[in-house]
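First up is the structure itself, then whatever we jot down about it.
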Amino acid sequence: MDEIFDIEQVDEIFEGEVEPTGVYVKLDEGDYIIDINSDRFITDKTGWVKIDEGFGDKYNHAQSNYLDKPLIDEYGDYNFKYINNKVVEVDSTANINIYQREQELQDQLDELYAWFDEYDNQIKQYERDVRLGRIGTYHIGEQEFTIESLDQIAIIKADLITNIRSQIALLA
């Protein structure tokens, strides 16, 4: 048989909770939820956004009970955003795709910088040769140059830097 509780028994069940407990989140600049807690544990609410309130452990212990899964996934990405006054779960494949794209871009940049360093070292050697009076035909990549002066090397360097900047702009 179902028991009927009177108001005193209900108060005992909630251990004297009279006011609902507020759930608050902190957001980063992309509206990702980076922290969650209840007002029972927050003394200074500066920078916190109230998202809900209620009774029970879900609200009192929001850090471990409010959301269905942890704030951060196995890749170190946040699982939730706060959009239009609602907690929204971030698609985990989007996080993986972002991580993979960032890794691809970093690999391309590393390759580009290695390429630049290689050619920059060649140009420095050619500068030393010209200073020592060695004039000749030099190769940078697939291009061949007859270098007779430091001015020519300065032009080659400027072209190399322009090329690098263009390549970096294409990656962005």
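The values are calculated or read from the model by the stated rules, or taken from the named source; none is laboratory data. Since the model is a prediction, treat every value here as computed from it, not as a measurement. In this analysis, Cβ positions are derived from the backbone assuming ideal geometry, glycine residues included, and neighbour counts consider all displayed protein chains.
Observations on the model:
- Hits in the stretch 17-26 (condition: of a type outside the set (S, T, Y) and buried (at least 18 other Cβ atoms within 10 Å of the Cβ)): G22, V23, V25
- Inclusion of T93 among residues that are at pLDDT below 85 and either in contact with a helix residue (DSSP H, G or I) (Cβ under 8 Å, 6 or more places away or on another chain) or not in a helix (DSSP H, G or I) (or both) is not warranted.
- For the stretch 40-53, a residue qualifies if it is part of a strand (DSSP E or B) and surrounded by 14 or more Cβ atoms within 10 Å (Cβ to Cβ), and the qualifying residues are V49, I51, D52, E53.
- Figure legend. Inter-residue proximity from the stretch 119-137: first residues under 13 Å from E148 (Cβ atoms), second residues in a helix (DSSP H, G or I) and not polar (S, T, N, Q), beta-carbon distance below 7 Å, spacing 6+ or different chains. Indicated pairs: Y126/I153; E127/L150; E127/I153; V130/L150; V130/I153.
- Selection within the stretch 115-149 - exposed (fewer than 15 other Cβ atoms within 10 Å of the Cβ), over 46 Å from the mean Cα position of the chain (by Cα) and outside any loop (DSSP other than H, G, I, E, B): R131, G136, T137, T146
- Residues being within 9 Å of A62 (Cβ to Cβ) and hydrophobic (A, V, I, L, M, F, W, C) - total across the stretch 33-48: 2
- Considering the conditions (1) over 30 Å from D73 (Cα atoms); (2) out of contact with any helix residue (DSSP H, G or I) (no Cβ under 7 Å at 6 or more places or on another chain), E102 is excluded by exactly one of them, (1).
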